[in-house]
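**Student:** Let me begin by handing over the structure; questions about it come next.
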Ligand SMILES: C[S@@+](CC[C@H](N)C(=O)[O-])C[C@H]1O[C@@H](n2cnc3c(N)ncnc32)[C@H](O)[C@@H]1O
């Protein structure tokens, strides 16, 4: 795992490591040379980072139980809509334990490269452990990088596609995150962003709210994580509707944006083209 932070290697070391791997034949390094950079976060972001670190040990298990396995389908859709293809260099931002990064890895193959970024070292450790336990050769093309979505350690126009799964909602400054995604994407390429849908339908909002209060939080309480999962409800209510997300990404410079509802309107996937 590469840590772009106080205790990690300087950016030059990250650059050298990335460009020296067999999966990255291109000599052009993607890491921005900024000396000894630090993952500095606001206190609000620090609280979120701590929250995701606390839930890391049970995150995957709860995802399976709470969505009855359906999150796997939504993640496949998100990756498919990114249009990542063999040989591409792609970014999975807010990668957590790596579900989308593993799917991207299969799409781009051993000729491609997957950079998976998150600011929680515990989530990245889980992802790296899962990579060790898996057998597909292509998974060697994934690099786990500790970094901030608001200050990505990559040069401009570096990626052929970007995915974000359940991450944008948790980022403190969503507009800045979209500007960063825009910056690192190549012109004409896509970002595919999956998350809970902040629906404008009263029925969907009530159902979402009922499920969080009566299923999600009680289940998480069994693991001592009541407050952590109560945060889900407030994060959805403070998130953006599909229409607002389309506006946000257009303001960040994207030429096209379309938000699609999934899972009966409970989830949403935004596709933005640079
Ligand atoms: C709900 S998890 C999603 C993980 C994974 N993408 C998935 O779909 O299962 C959200 C992730 O976003 C990460 N995150 C939130 N804000 C971030 C930021 N500013 N920079 C990097 N990662 C961030 C958290 O650490 C957490 O792992």
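Just so it is clear, none of the values below were taken in a lab; they were calculated from the coordinates. Predicted, not measured: the structure shown is a model, and the values here were computed from it. So basically every Cβ, Gly included, is an ideal-geometry build from the backbone, and we count neighbours across all protein chains shown.
**Student:** Could you work out the relative contact order of the chain, using alpha carbon pairs under 8 angstrom and six or more residues apart, expressed as a whole percent?
**Tutor:** On the way: 520 pairs, mean separation 48.6, N = 274.
Worked out over the chain, it gives 18 percent.
**Student:** Next question, about the same structure. Working from Cα positions, state the angle (0 to 90°, nearest 10) between the long axis of helix 242-251 and the longest principal axis of the chain.
**Tutor:** 30 degrees
**Student:** What ranking do 162-172, 199-209 get when scored by the average of other Cβ atoms within 10 Å per residue, highest first? Intermediate values should be presented prior to the final figure.
**Tutor:** Numbers: 162-172: 23.4, 199-209: 14.4.
So the order, starting with the most tightly packed, is 162-172, 199-209.
**Student:** Using Cβ counts within 10 Å as a stand-in for footprinting exposure, how do 212, 142 rank, fewest first? Don't jump to the answer; show the numbers that get you there.
**Tutor:** Values: 212 20, 142 25.
Sorted ascending by nearby Cβ count, the order is 212, 142.
**Student:** If you don't mind, there's one more thing I want to ask. Before anything else, pin down the relative contact order of the range 150-195: Cα pairs under 8 Å, at least 6 apart, normalised by residue count, whole percent. Numbers along the way, then the final one.
**Tutor:** Numbers: 61 pairs, mean separation 25.9, N = 46.
The normalised contact order for the range 150-195 reaches 56 percent.
**Student:** Oh, and also: Just want to confirm a number: the relative contact order over the range 101-225, from Cα pairs under 8 angstrom separated by 6+ residues, in percent. Before the final figure, lay out each step's value.
**Tutor:** Working: 132 pairs, mean separation 25.4, N = 125.
Relative contact order of the range 101-225: 20 percent.
**Student:** What distance in nm lies between label points placed 7 Å from Cα along the C-beta direction at residue 70 and residue 206?
**Tutor:** A separation of 1.8 nm, rounded to one decimal place.
**Student:** If you fit an axis through the alpha-carbon atoms of helix 11-20 and take the longest principal axis of the Cα set of the chain, what angle between them do you get, 0 to 90°, nearest 10?
**Tutor:** With rounding to tens, the tilt is 80 degrees.
**Student:** Counting other beta carbons within 10 Å of each residue's own, what order do 81, 210 fall into, fewest first? Provide the component values of the computation, followed by the final result.
**Tutor:** Numbers: 81 20, 210 10.
Starting with the residue having the fewest Cβ neighbours, the order is 210, 81.
**Student:** For the range 43-273, just the Cα atoms, rotate onto the principal axes and tell me the three extents in Å, largest first.
**Tutor:** 45, 40, 34
**Student:** If neighbour count is taken as other Cβ atoms inside 10 Å, put 211, 267, 178, 115 in order from fewest to most. It would help to have the intermediate numbers written out before the result.
**Tutor:** Working: 211 15, 267 23, 178 27, 115 30.
Ascending number of Cβ neighbours within 10 Å: 211, 267, 178, 115.
**Student:** Could I ask something else about it? So what does log10 I(q)/I(0) come out to for the range 171-270 at q = 0.13, 0.17 Å⁻¹, using the Debye formula with one equal point on every Cα and no solvent?
**Tutor:** With no solvent term, the Cα-only Debye profile gives -0.54, -0.82.
**Student:** Sorted by mean Cβ packing within 10 Å, highest first, what order do the peptides 238-244, 72-78 take? Let's see the in-between values first.
**Tutor:** On the way: 238-244: 14.6, 72-78: 17.6.
Ranked from most to least packed, the peptides come out as 72-78, 238-244.
**Student:** Using alpha carbons only, how many angstrom separate the centre of the range 94-122 from the centre of the range 165-201?
**Tutor:** Going from one Cα centre to the other spans 16 Å.
**Student:** Using only the Cα atoms of the range 111-239, what do you get for the radius of gyration and for Dmax, in Å?
**Tutor:** Taking only Cα atoms of the range 111-239, I get Rg and Dmax of 17.2, 47 Å.
**Student:** Still on this structure, please answer the following. Along the Cα→Cβ direction, 7 angstrom out, place labels at residue 42 and residue 179. What is the inter-label distance in nm?
**Tutor:** If labels sit at residue 42 and residue 179, their model points lie 1.3 nm apart.
**Student:** At R0 = 35 Å, how high is the FRET efficiency between residue 156 and residue 106 if r is their beta carbon distance? Nearest 0.05 is fine.
**Tutor:** Details: r = 27 Å, r/R0 = 0.78.
E between residue 156 and residue 106, to the nearest 0.05, is 0.80.
**Student:** Could I ask something else about it? Return P(r) of the range 159-219 (all Cα-Cα pairs; 10 Å bins starting at 0; whole %; ordered from short to long distances).
**Tutor:** 19, 36, 27, 17, 2
**Student:** For the chain, find the longest principal axis of its Cα atoms and tell me its angle to the long axis of helix 121-133, 0 to 90°, nearest 10.
**Tutor:** For helix 121-133, the angle is close to 70 degrees.
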